[in-house]
Amino acid sequence: MNNSKPLACLSIDLDNQWSYMKTHGDAGWEGFPSYFESLIPRVLERLDSFNLKITFFIVGQDAALEKNRNALAMITRNGHDVGNHSFLHEPWLPFSPAEKIRREILAAEKAIFNATGQRPAGYRGPGFSWSAETMNILAEMGYLYDASTFPACLGPAGRLYYFSKSHLSAEATRQRRNLFGNFRDGQRPVRPYLWLLPSKKRLLEIPVTTMPGFKLPFHQSYLVYLSLYSPPLMARYLDLAVSLCRRFRTGLSFLLHPLDFLGGDEVPELAFFPGMKAGKDDKLRLFDKVIEKISGSFQIVDMKTYAKASLNHDRRLSLHTAYPKPLAAEFERGRT
Ligand SMILES: [Zn+2]
């Protein structure tokens, strides 16, 4: 381990098969179909081969189901960290009444604790959705950090692509309007910062890192997608992103998803998803390359470790006010 390298954190949003189907408006999600039994051991083995400990953001509903318990317990047994990814994985949760937000975060926290024996220290909202009210509640509940923001300029484009391939009613589309963030999110900082909340409390924010200056996404699913067009282009793109993060000292919070580890033939129900044309072996090889690249410039840790280090050592943490009303009003009007 080279301690002279700056820290990067790695996390996976453990979105299950049913939550992709539900967001997409596909029938059959109500039985909560799960790929955890095959996915989680595969991810753990891959992480072990690099001797990495990361954060798994778990959806409470999955943790509450007996059939997922074995797979989820393996995460903490292998020394990894867990985060709260809401209970129902509904991107419109942050715009619900405060009591509902609080209830759902708490229900997820309890289910995750029961399944893994570990209480989550951080939260990531589904679909990169967030609100000042949610941050307030997280601070009140003693959360160490939030990780829901995604300061990317391509968020709205991703949403258009998504809707063009979905089977949603007008009402369901309205509910999913802020999926993948809005244009204003593209202007948010890339490096960690402190929210100054309406309650006057503060909360550490660890954004999903996008390319400094350009605000272009480079999480693993995006790299999978790029590599389908051109592996050399993907490699150069990643190279540029990692070197800019290093040069501008933004830190790096790198995001994974289950579909980055699953071949299209393994989950035919999700064949609509970008990147599902790639096979499992190609995806695993790509994961290895990406980890090797990031490890060349950064020391990779889980999000809890990264959050504590940011709070303890990073004097560059700036303060950003979380305004409650404009965002909620914006959501209601449906502007992006
Ligand atoms: Zn998710």
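The values are calculated or read from the model by the stated rules, or taken from the named source; none is laboratory data. Everything numeric in this text was worked out from a predicted model, so none of it was measured. Virtual Cβ from ideal backbone geometry, glycine too; neighbours counted across all protein chains shown.
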ask   = Among the numbered criteria (1) touching a residue at least 60 places away in the same chain (Cβ under 8 Å); (2) within 28 Å of Ser38 (Cα to Cα); (3) not in a strand (DSSP E or B), which single criterion is violated by Ala307?
value = (2)
ask   = Does region 185-194 contain at least one residue that is of a type in the set (Phe, Trp, Tyr), modelled with pLDDT of 90 or more and surrounded by 18 or more Cβ atoms within 10 Å (Cβ to Cβ)?
value = yes
key: Positions within region 1-36 being within 16 Å of the ligand (Cβ to nearest atom) and in contact with a strand residue (DSSP E or B) (Cβ under 6 Å, 6 or more places away or on another chain), in sequence order   = Leu10, Ser11, Ile12, Asp13, Leu14
inquiry  = So for region 135-145 (the condition being within 16 Å of the ligand (Cβ to nearest atom) and either surrounded by fewer than 24 Cβ atoms within 10 Å (Cβ to Cβ) or modelled with pLDDT of 95 or more (or both)), does at least one residue qualify?
reply    = no
key: strands (runs of 3 or more DSSP E) within region 1-95 that include 1 or more residues of a type in the set (Ser, Thr, Tyr) and within 19 Å of the chain's Cα centre (by Cα)   = 7-13, 55-58
message = Restricting to region 90-111, name every residue that is within 14 Å of the ligand (Cβ to nearest atom) and either of a type in the set (A, V, I, L, M, F, W, C) or surrounded by fewer than 18 Cβ atoms within 10 Å (Cβ to Cβ) (or both).
response = Trp92, Leu93, Ala108
message = Looking at the structure I just gave you, is Phe214 touching a residue at least 12 places away in the same chain (Cβ under 8 Å), away from the ligand (no atom under 16 Å from the Cβ) and either in contact with a Cys (Cβ under 7 Å, 6 or more places away or on another chain) or within 20 Å of Phe128 (Cα to Cα) (or both)?
response = yes
